[in-house]
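Asks: Structure incoming, see below.
The values are calculated or read from the model by the stated rules, or taken from the named source; none is laboratory data. Please read these numbers as outputs of a predicted model, since none were measured by experiment. A quick note on method: Cβ atoms are made from the backbone with ideal geometry, for glycine too, and the neighbour counts reach across all protein chains shown. The protein model used for the area step is the full one, side chains on, heavy atoms only, and it has no ligands, DNA or RNA in it. Shrake-Rupley method; radii C 1.70, N 1.55, O 1.52, S 1.80 Å.
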Amino acid sequence: MLLITCPYCCTARPESEFRYSGEAHIARPLEPATVSDDDWAAFLYMRTNPKGLHAERWRHIHGCGRFFNALRNTVTDQILKTYPAGTPRPGLGAPAEGGR
Amino acid sequence: MAGLHRTNGGGRVDRTKRLSFTFDGKAYEGFAGDKLASALLANGVHLVGRSYKYHRPRGILSAGAEEPNALVTVDRGRGRTAPNLRATQVELYDGLVAESQNRWPSLAYDFGAVNSLFSPLLAAGFYYKTFMGPRLLGSNWAWHKIYEPLIRRAAGLGKAPSLPDPDRYANRFAHCDVLVIGAGPAGLAAALAAAEAGARVILCDEQAELGGSLLSEWSVEIDGVPASSWVDEAVRTLAASSRVTLLPRTQAFGYFAQNFVALAERLTDHLGNPDPAAPRERLWQVRAKEVVLATGAIERPIVFPDNDRPGIMLADAARTYVNRYGVRPGLRAVVIAACDSGYAAALDLHRAGTAVAMVIDPRANGDSGLAGSVRAAGIEVQIGATVTATRGSQRVSAVQIGRAGTEGRASTGEWVPCDHVVMAGGWTPSVHLFSQSRGKLAWSDDAQAFLPSAIAPGQAQRSAGACRGVFGVAAALDDGFAAGRAAVGREPLGRTFKVTHDITDFRGIAGSHGAGARGSKAFVDFQHDVTVRDLKLAAQEGFRAIEHVKRYTTTGMATDQGKTSNINALAIVADHLGKPIPEVGLTTFRQPYTPVTFGTIAGASRGDLFDPVRRTPCDAWAQAQGAMFEDVGAWKRAHYFPQAGEDMHTAVARECRTVRSAVGMFDASTLGKIEVVGPDAAEFLERLYINSFQKLGVGRCRYGVLLNEAGFIIDDGVIGRIAADRFHVTTTTGGAARVLHMMEDYAQTEFPDLKVWLTSTTEQWAVIAVQGPRARDVLAPLVDGVDIGATDFPHMSVKAGRICGVDARIFRVSFTGELGFEINVPADFGADVWEAVWREVQKHGGCAYGTESMHVLRAEKGFIIVGQETDGTVTPDDVGLGWATGKGKRDFVGMRSLSRPDMVRSGRKQLVGLLTADPKRVLEEGSQVVEGLRPPAGTPALGHVTSAYWSEALGRSIALALVADGRTRIGTRLNVPMPDGDVAVDVVTPVFLDPKGERLNG
Ligand SMILES: [Zn+2]
């Protein structure tokens, strides 16, 4: 069971308090009607699925209830950083959060 | 009973406490502190089991968790038989009842031993070659009728108990600064060092006594006292600290991410008369800041022909039985020593009074530092010799000594009579938990073993002592102490322990030694009966990767996971392929380290606690009425209310008739309910649902349809506007949590600009639906402060009022097509209001109805159920709900997807009604709909039946179906092929009753 640091509660909590919600930084187009079929299909279905660092959404569903983002290494399953929803993907210069 | 096989004194058994036990029905005695294995050996019993495949007689190989042979079933009473326990770990108690396994009719005369005669049939890959060919699969009667039952009977382990487990199991979470796994010299020293520094320490060990290998030492002294006394003092020191938790009888069996370690603690299995209320075992889930792995090492057998006869055991085991348990396994021993532990065993056996006939060292240059002492004791030592054959049917009686020659061939020589053979093949560091933690291993030529090299990211751990190749008591103590210091961030003190009589050479040899004569078998994996020949055959047949060899030969795949066999198997395969060992690779170590009971893993999650159950406020009433229930998600819902003599069909027919002719009441409390509040509540719902909400008047309701972004229906429900900034949203029973999660997602991440708050109110409201032409008459005397007349309270409206004096939200809605109301009252008043309504309903000849009638009544009206008429690929238009889409909306969740090419093409499946040509025939839900009669196999279906019922109102069967281009097929006849023949159906519009809605608006 992973330990995940909720960036709102600022504390590491067990994975069972959280719910995974897919890849992060896929914004819903502001004017969907103006989006082409191909672009809309990409928004709906195309994901990066990387081997390595993955920016992804989690929700502290059995805690504060809020959505946030995490950088997780899909090879080691290590969560290197968590940050609030709506903020840009950070670099990894700062000490890693969530894991040790 | 200080008989032939007990030493005169010493050891850690209590010779004043005699315990009686039975093995295969025969009575024996042992001492407190004995294991079942030591007590059996003390009684001269070596034959304890039959091997898995060949049913060969097997004895006790080891003295620990790695035991592959001595598997027994312990019977602790009804439902409490535990199979496949290692006799080397079973603690003796007075009255213990143990049975051997895998033998018939008896251990000594086992019918299955004839398997040995057919052993060429059972070689590596036998199953694959003989039975897995495509030619044979499914059609081979001989396999199904003869071979499989025979093999299943002949090859196997103990029998699982068939009664429910009456024991209780506990579960505990724990946190600590340092978790030390293993309480041998390294582990004890690590725990002492960490505890000294003030850390919170958990020290666990699978044995009843802490001390590990130190408990088996006789002459070793640590800091001036015997090892055994040093252990007692160390344990006293640790136990005295309030910050140290000592967990004996506790196996660390799984090591997961971020220092999360699972431990299984045995609490009562060692007791003759445990408190029946006490838990049998406890699962510990430990999150440790630091882990010290001090898991030690396991001795390897030496692979020589017929090395599996009872009486042949590991040197470490022989030392343990003699030194710790005061048991002489044999009277005349031959020792095969490829490292110091063999020489030490010879000295220990000699001291205890066993005649040691000979020590043979298979290493050409073998020259142990202990050889001099052994010779001085008058024991002959032969260097460069090996065992080429053994004799003895149920116990070894002699070994043949050969000179190790070139190419592993040995020239055969004299036969040496003996009843005990001790083998010391070298030691394999126990890297199982390290490897489970995803640490990387590297082959060490120096240690001739795989050792921990890189720790996985996210794990904070260190290995200490033999499990990282640091052998010997002194080195392990020093290494453990330094690891304990490091785990709490302290510099090593450079503390060294003064140890006498230590041994240091543990490397040994690996692989096969001496080819046997025809018909002999040199065993590598004792538990799965895998021989050198099997491994060579696999290599000859082209298997190169060790993972493939493992699966083909099944080596290392038994319940012991190859603890004694993996390195020998690897060395044999590497040798045959002419490759160095690290190039052949290592098989994966998996949890659990030793078998764990299902009880321990399940804990309290069984019976009523297996799955939580949700019950409505009206549940007790329904139970008292004799309702039948069905599970809907975690909810128990009243399915139907049978009266005396009624089956489900007649009860549902009566309930439907009563609703349509008079009135019925229905518990709708399970409906999901979300309070959506805020200045932007209407705008928020407008963006989520396909419908319009901005212009919905206060006090009015709308049937809302919710899509996902892909444009498919995922939920529906009535939404009422309670105030300008407040909506009462209902969802499907199963969709409540999902819808709230989705709403929160959009509110937080896509539309954070909207001022809206969401609260789940599902459990706050009890919901009583009153439906039928007399519904208003039922409620009229109960409500006050609210006009429920037709003019003032039309269909699809909501009012706040009181019923039976309780504040209520009263909806005028209908899921039956009749005049209907849904009364929402605070859940605490639900049962009382239900009773009051029930009294009125009875006055009007009404009834309570369940979910089955609810389904029939809505199907007669063509109302869909999300998840029944929809399956995640259905759009609003597909099920005829295009009308619900708000006019002129620019956007809502899923809207853009509805104009994608695939969504507007012809041929989409659309909701239609089906009427069977035979009105009495009720279709099967899920059956396929096709065009022609008697369709050949492979004919694509046009669609499928989603709902099918007997309609009491129409006096015939009805069905809903999703059919390709269904709406253009209305008026045509299709076919539903069934096993008993075709069923002709006419396609109709999906509204069977009152299409104009006159009853609804009454
Ligand atoms: Zn939180």
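Asks: Need one number: nm distance between label points at B:Val632 and B:Met648, each 7 Å from Cα along Cα→Cβ, rounded to one decimal.
Replies: Between B:Val632 and B:Met648, the label points sit 1.5 nm apart.
Asks: Using a 1.4 Å probe on the heavy atoms of the protein chains only, list every residue of the range B:868-911 that has 40 Å² or more less accessible area in the complete assembly than in its chain alone.
Replies: Residues shielded by partner chains are B:Arg890, B:Asp891, B:Arg896, B:Arg900.
Asks: I've got another one for you. Based solely on C-alpha atoms, express the radius of gyration and the Dmax of the range B:583-713 in angstrom.
Replies: 24.8, 82
Asks: Run the numbers on the range B:246-260: which residues show a drop of 40 Å² or more in accessible area, chain on its own versus all protein chains together, using a 1.4 Å probe over heavy atoms?
Replies: B:Gln258
Asks: Calculate, for B:Arg657 and A:Arg19, the FRET efficiency according to 1/(1 + (r/R0)^6) with r their C-beta to C-beta distance and R0 45 Å; round to the nearest 0.05.
Replies: Using R0 = 45 Å, I get an efficiency of 0.50.
Asks: Could you state the accessible area per residue of the range B:612-683 in Å², with a 1.4 Å probe and every protein chain left in place?
Replies: 40
Asks: Let me ask something else about it. Could you give the radius of gyration (one decimal) and Dmax (whole number) of the Cα atoms in the range B:658-787, in Å?
Replies: Both quantities, over Cα of the range B:658-787: 16.2, 51 Å.
Asks: Per the Kirkwood formula on distinct C-alpha pairs, the Rh of the range B:431-548 is how many angstrom?
Replies: The answer is 17.7 Å.
Asks: In the range A:55-83, what residues drop by 30 Å² or more in accessible surface going from the chain by itself to the full protein assembly, probe 1.4 Å?
Replies: A:Arg57, A:Arg59, A:Phe67, A:Thr76, A:Gln78
Asks: Where Rh denotes the Kirkwood radius from the mean inverse Cα pair distance, what is Rg over Rh for the protein assembly as shown?
Replies: So for the protein assembly as shown, dividing Rg by the Kirkwood Rh gives 1.07.
Asks: Please calculate how many Å² of accessible area the range B:810-957 carries per residue, with a 1.4 Å probe and no DNA, RNA or ligand atoms counted.
Replies: Computed with neighbouring chains in place, this is 41 Å² per residue.
Asks: OK, next. Expressed as a whole percentage, what fraction of the accessible surface of chain B belongs to carbon and sulfur atoms when a 1.4 Å probe is rolled over the protein heavy atoms?
Replies: Carbon and sulfur: 53 percent of the exposed surface of chain B.
Asks: Calculate I(q)/I(0) for the range B:287-374 by the Debye formula, one identical point scatterer on each C-alpha and no solvent, and give its log10 at q = 0.23 Å⁻¹ to two decimals.
Replies: -1.21
Asks: If you don't mind, another one. Among the listed pairs B:Lys799/B:Lys887; B:Lys920/B:Lys996; B:Lys636/B:Lys909, which are separated by more than 29 Å between their Cα atoms?
Replies: Checking Cα-Cα distances, B:Lys636/B:Lys909 exceed 29 Å.
Asks: Oh, and also: At what distance in nm do the modelled label points of B:Ala174 and A:Cys64 sit from each other, each positioned 7 Å from its Cα along Cα→Cβ?
Replies: Each label point is offset 7 Å from its Cα along the Cβ direction, giving 3.3 nm.
Asks: Okay, moving on. Rounded to the nearest whole Å², what accessible area per residue is found for the range B:231-300 with the 1.4 Å probe?
Replies: Per residue, the range B:231-300 has 36 Å² of solvent-accessible surface.
Asks: At 1.4 Å probe size, with no ligands or nucleic acids counted, give the accessible surface of A:Asp39 in Å², nearest ten.
Replies: 100
Asks: So, one more: With 22 Å as the cut-off, how large is the P(r) tail for the range B:158-239, expressed as percent of Cα-Cα pairs?
Replies: When every Cα pair of the range B:158-239 is considered, 40 percent fall beyond 22 Å.
Asks: For a quick check, take a GNM of chain A with Cα springs below 10 Å and name the residue from A:Leu80, A:Leu71, A:Leu44 with the largest mean-square fluctuation.
Replies: A:Leu44
Asks: What's the longest uninterrupted piece of chain B once you rule out the chymotrypsin sites (Phe, Trp or Tyr not before Pro) that are loop residues per DSSP with at most 11 other Cβ within 10 Å?
Replies: Excluding the exposed sites themselves, the longest stretch runs over B:110-609.
Asks: Give me the tail of P(r) for chain A as a percent: Cα-Cα pairs with distance above 17 Å.
Replies: Summing the P(r) tail past 17 Å for chain A gives 53 percent.
Asks: Whole Å is fine, so just give me how far the alpha carbon centre of the range B:290-328 lies from that of the range B:34-97.
Replies: Cα centroid of the range B:290-328 versus Cα centroid of the range B:34-97: 15 Å apart.
Asks: Let me ask something else about it. Mean shadow of chain B, computed from the convex hull of its alpha carbons, in nm²?
Replies: 50.3
Asks: Residue by residue, what Karplus-based ³J(HN,Hα) values in Hz, rounded to whole numbers, does the range B:331-338 have, using 6.51, -1.76 and 1.60 with θ = phi - 60° and x for Gly and Pro?
Replies: Taking θ as phi minus 60°, the curve returns 9, 9, 10, 10, 10, 10, 10, 9 Hz for the range B:331-338.
Asks: Set the Förster radius R0 to 51 Å, insert the Cβ-Cβ distance between B:Val991 and B:Arg839 as r into 1/(1 + (r/R0)^6), and round the FRET efficiency to 0.05.
Replies: 0.90
Asks: Could you tell me which trypsin sites (Lys or Arg not before Pro) in the range B:579-665 are loop residues by DSSP with no more than 13 other beta carbons within 10 angstrom of their beta carbon?
Replies: Passing both the DSSP loop test and the Cβ count: B:Arg590.
Asks: Only bridges whose two residues both fall in the protein assembly as shown count here: according to DSSP, what percent of them are antiparallel, nearest 5?
Replies: Bridges in the protein assembly as shown that DSSP calls antiparallel: roughly 75 percent.
Asks: Any chance you could tell me what percent of the C-alpha pair distances in the range B:748-889 go past 24 Å?
Replies: So the pairs more than 24 Å apart make up 45 percent of the total in the range B:748-889.
Asks: Interface B/A, total buried accessible area with a 1.4 Å probe, nearest 100 Å²?
Replies: 2600
Asks: Can you work out the FRET efficiency for the pair B:Leu954 and A:Thr87, with r the C-beta to C-beta distance and R0 = 45 Å, to the nearest 0.05?
Replies: The computed FRET efficiency comes out at 0.15.
Asks: What ranking of B:Glu998, B:Glu840 comes out by heavy-atom accessible area, probe 1.4 Å, highest first?
Replies: B:Glu998, B:Glu840
Asks: Find how much the distance from B:Asp832 to B:Ala941 grows on full extension, using 0.36 nm per residue of separation minus their present alpha carbon separation; answer in nm with one decimal.
Replies: This chain segment gains 34.2 nm when fully extended.
Asks: I'd like the distance separating the alpha-carbon centroids of the range B:491-543 and the range A:13-88, in whole Å.
Replies: With the range B:491-543 and the range A:13-88 each reduced to a Cα centre, they are spaced 49 Å.
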